[in-house]
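In what follows, a single structure is set out as structure tokens and then discussed.
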Amino acid sequence: MATLQLKQIVKSFDDTQVIKGVDLEVNDREFVVFVGPSGCGKSTLLRMIAGLESTSDGDIVIDGQRMNDVGPADRGLAMVFQSYALYPHMTVEDNMGFSLRLAGVPKDERRQKVLEAARILQLEPLLDRKPKALSGGQRQRVAIGRAIVRNPSIFLFDEPLSNLDAALRVQMRIELARLHEELDATMIYVTHDQIEAMTMADKIVVLQGGVIEQVGSPMELYHHPRNRFVAGFIGSPKMNFLDVQVVEAGAEGVSVCLPGGAVTQVPVEGKDQRVGASLELGIRPEHLVLDDEGALTGQIQVLERLGGQTSLYVQMGELMVTIMADGDVAHRVHDKVNFGFEAGRAHLFDADGMALPSLHQHPLAGLRRQDNRVSSEASDQ
Amino acid sequence: MTTVRNKQLSSTPNAGLATATQAPGRPLVTTVNTKRLLLTALGWVVAGTIFFPIFWMVLTGFKTEAAAIADPSLIFSPTLDSYIEVQQRADYFKFAMNSVVVAFGSTLLALLIAIPSAYSMAFLPTKRTKGTLLWMLSTKMLPPVGVLVPIYLLFRDFGLLDTRTGLTIVYTLMNLPIVVWMLYTFFKDLPKDILEAGRMDGASTFQEVIFLLMPLTLPGIASTGLLSVILSWNEAFWSLNLTSSQAAPLTAYIASFSSPEGLFWAKLSAASTMAIAPILVFGWLTQKQMVRGLTFGAVK
């Protein structure tokens, strides 16, 4: 069992608050990802949990125990640093066994535990090497191994993959997911990369400016973003935003007038929306469809062919709209295209940037990462 | 000459395409070589100028008193007379022992105080850290003679005059600002993450320093220590004023040959040679370490 609760956590440096009252619950064996743009406070929050930064206000509770005044080593956590922070003067084995050595564990037992962690991470042939003689991916694995050896109740990862090249990052991502399953541990992971967040998390915590914007499963955040910031941050390429006017608001949804004059009814709650009020309509590039009958029209400015998919950057008056289309679309630059979308895929945001709640819950919004795993295991057998 | 000719060649308009692409490279290499040659020569001249007095002193030590004051000459019959006479008048080893004890003792003490101070300044800085460092360094700008009387009186009252302990304390205080400053710059180069990883692994502050900080900055600590030893060894002002016979180091030993019966160049040279010999050998053996430490941050 390892749970973590943050209750109204505040961190201030001098007069500036960088974490502004964060409440969060992390359940046992959960993989929680903190994601947000740089400077949003996600690393600070992680370091506060680790005990490397003091907490200005609020409570950090691990397994029911208030930990604010407990030192980093005694919180039962292990942390993997962005820079790996391996001890350069020690061999891989000594690096991984350092915490045990400090704890006074006898040499034989130490070696046994290190070997076990090394086996999990396939580090056995490297145990006698110094960090200098390792590749980036290997160093990363040693850093993770050092955390495993401590047998912590919660693993903390501070942007662990950002120093790796793209191919290795994908590989380590899979390895971390596998590790989470094998160790059955609670993990908290900080990243600015929303793909890492989407692929690994049970629960994503989106942070901005020291406050939590939304907490939820990846699919929940993707399909039901609470506000414009989350909508724009989750998903790649970014969601398109169009200015629209309310034409009619009723129980079936809100009808809005799109740029170009067409009217569409988006199934969201908005009975109190005034007719004529300005809203923003959000629609993801992958939900825009090229369609000669489509309600929207524009001119292609740039075409990026990725093979399987093609990104179209379409000029619509002042606005540049991104469309993810099929890889084999025959259009060329400067072509005029019509496109449209399914009204149920669209989101509406009010003047404060808050989303109007959807009338229908997306069927996959409650999906957890484990659910993917179970089905993949079943298909393996 | 060659440089000039090459330049002319490359600038002739009817040179072929191949020459035209090659030629600009050639005079450049020659210029670099000439420049390097000149710099090397300059280096030797400077080194020679610095080394010459020492060289001459060593030679003079092996001359007779008569030969020492005669016309300077490289050709003479070497003799150990001066050395024997010097040793008969004062026991070299007693002074040398004092020098060793005081130089190494004060260095050890300075490191012991400076490592924790530099640690806190490098890794737990406050708004006043920079100011504190500058203030410490500013004490080195005070002429020592300005505090001679108060220190002399303090030493007299505490019974520290002419003791190794007293001299060690003064040298420690004298070198502390430089030692702290140097260690601070070495420590600052160490990524904070490594110490934090240690903290996560359960290291106390003391263990952080012993197991992580010190092994990782050893070249820096060593060169700082070496510098402190050399500065203490060469220090003359305090040793001459605060010691007489019991705790007098080699600087006082040299000085004792300069006055009473006028100047005896050969004996003075012999004494000086013996006084600087240990630190010269020490410096020569550790020069690699010194250079490595002093350029630690730059080449890493």
Neighbouring partner chain Cβ atoms per residue of A:79-89, average, 10 Å criterion: 5
Chain B - mean residue ellipticity at 222 nm from DSSP helices (-39,500 (n - 2.57) per run, n ≥ 4, rounded to 500): -23000 deg cm²/dmol
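Compute the FRET efficiency between B:A70 and B:T49 as 1/(1 + (r/R0)^6), taking r as their Cβ-Cβ distance and R0 = 22 Å, and round to the nearest 0.05. Intermediate results must be reported in sequence, preceding the final value.
Details: r = 24 Å, r/R0 = 1.09.
Step by step, r from the Cβ atoms, then E = 0.35.
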Exposure proxy order (Cβ contacts within 10 Å, fewest to most) of A:V266, A:V10: A:V10, A:V266
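Around A:R146, with a cut-off of 11 angstrom between Cβ atoms, what is the net charge of the other residues, counting Lys and Arg +1 and Asp and Glu -1? Walk me through the numbers on the way to the answer.
Details: positive: A:R139, A:R141, A:R150; negative: A:E93, A:D94, B:D201.
After counting each charged neighbour, the total is 0.
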Pair A:D108, A:E182: separation of 7 Å Cα→Cβ label points (nm): 2.6 nm
Positive-end extreme of charge dipole, chain B - chosen from B:T126, B:F158, B:M97 (charges on Cβ): B:T126
Total charge dipole magnitude, segment A:66-134, about the Cα centre, Cβ charges on Lys, Arg, Asp, Glu only, Debye to nearest 20: 100 debye
Taking segment A:220-371 and dividing mean pair separation by its residue count, relative contact order in percent (alpha carbons under 8 Å, at least six apart): 27 percent
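Ranking request for peptides A:309-321, B:94-106, A:186-198, A:162-174: highest mean number of other beta-carbon atoms within 10 Å first, then the rest in descending order. Write down the numbers at each step before the final one.
Details: A:309-321: 16.5, B:94-106: 20.5, A:186-198: 22.3, A:162-174: 14.3.
Packing proxy ranking, top to bottom: A:186-198, B:94-106, A:309-321, A:162-174.
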Selected from B:L38, B:L250, B:L111 as most flexible by GNM, with chain B as the system and alpha-carbon contacts under 10 Å: B:L38
Sequence ranges B:270-280, A:244-254, A:329-339, ranked by mean other-Cβ count within 10 angstrom, highest first: B:270-280, A:244-254, A:329-339
For segment A:4-231, size of Cβ-based charge dipole, Lys and Arg +1, Asp and Glu -1, in debye: 580 debye
Alpha-carbon centroids, segment A:208-242 and segment A:1-22: separation in whole Å: 21 Å
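How big is the charge dipole of the protein assembly as shown about its Cα centre, in debye rounded to the nearest 20, if each Lys and Arg gets +1 on its Cβ and each Asp and Glu gets -1 on its Cβ? Kindly include the intermediate steps, with their values, before the conclusion.
Details: 59 positive and 66 negative charges, 660 e Å.
About 3160 debye.
At a 10 Å Cβ-Cβ cut-off, how would you order A:L288, A:L364, fewest neighbours first?
Numbers: A:L288 24, A:L364 13.
Result, fewest neighbours first: A:L364, A:L288.
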FRET efficiency, A:Q301 to A:S135 (Cβ-Cβ, R0 45 Å, nearest 0.05): 0.65
Charge sum, other residues only, whose C-beta stays under 15 Å from B:T64's C-beta, Lys/Arg counted +1 and Asp/Glu -1: -2
Using alpha-carbon coordinates, inclination of helix A:166-183 to the longest axis of chain A, degrees: 60 degrees
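Pick out the long, greasy-scoring helices in chain B: whole DSSP H runs spanning 27 Å or more along their own axis by Cα, mean Kyte-Doolittle at least 1.0. Before the final figure, lay out each step's value.
Numbers: long enough: B:25-61 (53 Å, 1.07); B:92-123 (45 Å, 1.46); B:164-188 (34 Å, 1.04); B:265-285 (29 Å, 1.35).
Within chain B the helices that satisfy the rule are B:25-61, B:92-123, B:164-188, B:265-285.
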Positive-end residue of A:Q299, A:L288, A:V80, charge dipole of the protein assembly as shown with Cβ unit charges: A:V80
Cβ-based net charge around A:V333, under 12 Å, with every Lys or Arg adding one and every Asp or Glu removing one: +1
With Cα atoms, 0 to 90° folded angle of helix A:369-380 axis to chain A main axis: 80 degrees
Distance between segment A:309-366 and segment B:84-142 - C-alpha centres, whole angstrom: 71 Å
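Rounded to the nearest 0.05, what FRET efficiency is calculated for A:E269 and A:D193 with R0 set to 22 Å and r the Cβ-Cβ distance? Mind dumping the intermediate values first?
Numbers: r = 33 Å, r/R0 = 1.48.
So the FRET efficiency works out to roughly 0.10.
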Helix A:92-102 axis, angle to chain A major axis (alpha carbon atoms, nearest 10°): 70 degrees
Over chain A, relative contact order from alpha-carbon pairs under 8 Å, at least 6 apart, %: 15 percent
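Values in this text are rule-based calculations from the coordinates and carry no lab data. Computed from a predicted structure; not experimentally measured. A quick note on method: Cβ atoms are made from the backbone with ideal geometry, for glycine too, and the neighbour counts reach across all protein chains shown.
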